[in-house]
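Student: The structure under discussion is supplied below as structure tokens; questions concerning it will follow.
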Amino acid sequence: MLKAIILEDEPLAALQMNRMLEAIPGIEVAGSYSDPDEAIAKAEGLQPDVAFLDIHLPGKSGLQAAELLQEVCPELDIVFVTAYDKYAVHAFDLNAVDYVLKPLHKERLLKTVQRLTDKAQVFRRTRKDDSSRSMRIRLLQTIQFERRNGTVERLKWRTAKAQELFAYLIHHRGQAVRKSDLQEMFWPDLDAKKASAHLYTTIYHIRQALKDTGTDIGIRSMNIKEGYILDAGDIRIDSEEWERDLTRLEAVHTGNAAEHRKVLDLYPGDFLADCDYLWAENERQRLRILWIEHARKLGEFYAGLGQVNEAILIYNRMQEKYPHFEGSYFPLMKLYASLRDRKAVEEQFNRLGALLKEMDVLPEGSVQMWMEEWREGAASVL
């Protein structure tokens, strides 16, 4: 049985909504209010499953009331009641949440209640199946949820903006993010009112998507004017785990080289590389540099031990992953030279030349000199 509350300042409209809902099996009205503050105060004790809210309310807009209701009832579903026609609803960007139009029709309410009932059943099954709860979020290369049972999935976001905003909030988890900053970043071309509506509905969709997965992640408002804080709880983040594993390693030596290789392999790709979000570039670059520096040290370690093939594998991985990083070419030239592989040396030098030509520069003088000497046979070892 779904428990509902009604927030409607028109007495006749509230009475009609109450009677229509009470006539539908599977739902009961726990309270009907005309004052948003009273509804919010009572909701904390009632913990309803759904709230039917009029868009236009005294003192607060329906959007503000909905946001505050979800602060005290995190799992609350919102259904907006509006006199707008479907075109106005679309323009107001309420398509991300459910809504019913005035005048009310029983058939439309029936569909809404059925949708809510189906959703609640899925949610209860997800909560019951503890093995399916999201325990780890992958942000390296792409956004994925890794379940406790090892399965990996991508959430079906309603919009691309919802995925990006979630990624931004999870990256800034535990930090207060101002709403005005989010509106300017994600909807710079809209006026403040429309940007605020887009932000609310996007946050609403993110909350619902996370709720459907059974995850413990929550998004709360500091207050109606300030911003949001994403609480990740004990959810693990792969980029954070990878960096922690890397920093725990001692300098590479024969006793821990295998562990260094393992950590190197655990980096599947750059931070949100598939998404190419502009705001993620600093973190993307920071983690990339950490991986490259780690790979470089590991390559130098193997080369110093005379394990040429192992060193070549490392530098080739660097080159495949980041072909525009010139630091892999010269070490490979010297390693192939030690194997007397003339073709491979020439290929690496030509690749380096082609790369630098794109930037309108030449290889460093020391590299050109080494190459000339090697060609003359004066240098055939490292």
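Student: Name every residue in the range 230-249 that is over 20 Å from the mean Cα position of the chain (by Cα), surrounded by 13 or more Cβ atoms within 10 Å (Cβ to Cβ) and not hydrophobic (A, V, I, L, M, F, W, C), in order of residue number.
Tutor: Answer for the range 230-249, where residues must be over 20 Å from the mean Cα position of the chain (by Cα), surrounded by 13 or more Cβ atoms within 10 Å (Cβ to Cβ) and not hydrophobic (A, V, I, L, M, F, W, C): just D245.
Student: Being open to solvent by 20 Å² or more (accessible area, probe 1.4 Å), assigned to a loop (DSSP other than H, G, I, E, B) and aliphatic (A, V, I, L, M) is the filter here, so list the residues in the range 261-281 that pass it.
Tutor: Passing the criteria: L266, A273.
Student: A further question on this structure: What single numbered condition from (1) buried (at least 18 other Cβ atoms within 10 Å of the Cβ); (2) under 22 Å from V72 (Cβ atoms); (3) touching a residue at least 60 places away in the same chain (Cβ under 8 Å) fails to hold for E164?
Tutor: Result: E164 fails condition (2) only.
Student: Separate question: Are any residues in the range 167-202 hydrophobic (A, V, I, L, M, F, W, C) and either touching a Cys at 6+ places or on another chain (Cβ under 6 Å) or in contact (Cβ under 8 Å) with a residue 60 or more places away in the chain (or both), and if so, which ones?
Tutor: A167, L169, I170, M185, A197
Student: Sticking with this one: Name the residues in the range 47-59 that are open to solvent by less than 50 Å² (accessible area, probe 1.4 Å) and either in contact (Cβ under 8 Å) with a residue 40 or more places away in the chain or not hydrophobic (A, V, I, L, M, F, W, C) (or both), would you?
Tutor: Result: P48, V50, A51, F52, L53, D54, L57.
Student: Restrict the check to the range 291-303 and report whether at least one residue is out of contact with any Ser or Thr (no Cβ under 8 Å at 6 or more places or on another chain), part of a loop (DSSP other than H, G, I, E, B), modelled with pLDDT of 95 or more and surrounded by 13 or more Cβ atoms within 10 Å (Cβ to Cβ).
Tutor: The answer is no, given that none of the residues of the range 291-303 is out of contact with any Ser or Thr (no Cβ under 8 Å at 6 or more places or on another chain), part of a loop (DSSP other than H, G, I, E, B), modelled with pLDDT of 95 or more and surrounded by 13 or more Cβ atoms within 10 Å (Cβ to Cβ).
Student: Any residue that is assigned to a loop (DSSP other than H, G, I, E, B) and either modelled with pLDDT of 95 or more or open to solvent by less than 20 Å² (accessible area, probe 1.4 Å) (or both) - is there at least one of those in the range 352-363?
Tutor: Yes, that holds for at least one residue.
Student: Scan (1) closer than 29 Å to Q141 by Cα; (2) outside any helix (DSSP H, G or I); (3) in contact with a helix residue (DSSP H, G or I) (Cβ under 6 Å, 6 or more places away or on another chain) for the single condition H324 breaks and write down its number.
Tutor: Every condition holds for H324 apart from (3).
Each row is one residue, and each column tells you yes or no for (1) out of contact with any Gly (no Cβ under 9 Å at 6 or more places or on another chain); (2) modelled with pLDDT under 90; (3) in a loop (DSSP other than H, G, I, E, B).
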site: T117; (1), (2), (3): no, yes, no
site: A120; (1), (2), (3): yes, yes, no
site: R127; (1), (2), (3): no, yes, no
site: F145; (1), (2), (3): yes, no, no
site: G150; (1), (2), (3): yes, yes, yes
site: K156; (1), (2), (3): yes, yes, yes
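Student: Let me ask something else. How many residues are farther than 28 Å from E67 by Cβ and touching a Leu at 6+ places or on another chain (Cβ under 8 Å) if we restrict to the range 228-246?
Tutor: Going through the range 228-246 one residue at a time, the tally reaches 6.
Student: Taking the range 220-246 only, how many residues are out of contact with any helix residue (DSSP H, G or I) (no Cβ under 9 Å at 6 or more places or on another chain), modelled with pLDDT of 95 or more and more than 30 Å from E184 (Cα to Cα)?
Tutor: So the answer is 2.
The values are calculated or read from the model by the stated rules, or taken from the named source; none is laboratory data. Just so we're clear, the structure is a prediction, and the values are computed from it rather than from any experiment. Using ideal geometry, Cβ is built from the backbone for each residue, glycine included, and neighbour counts are taken over all protein chains shown. These area figures cover heavy atoms from the full protein model, side chains too; ligands, DNA and RNA do not enter into them. Shrake-Rupley method; radii C 1.70, N 1.55, O 1.52, S 1.80 Å.
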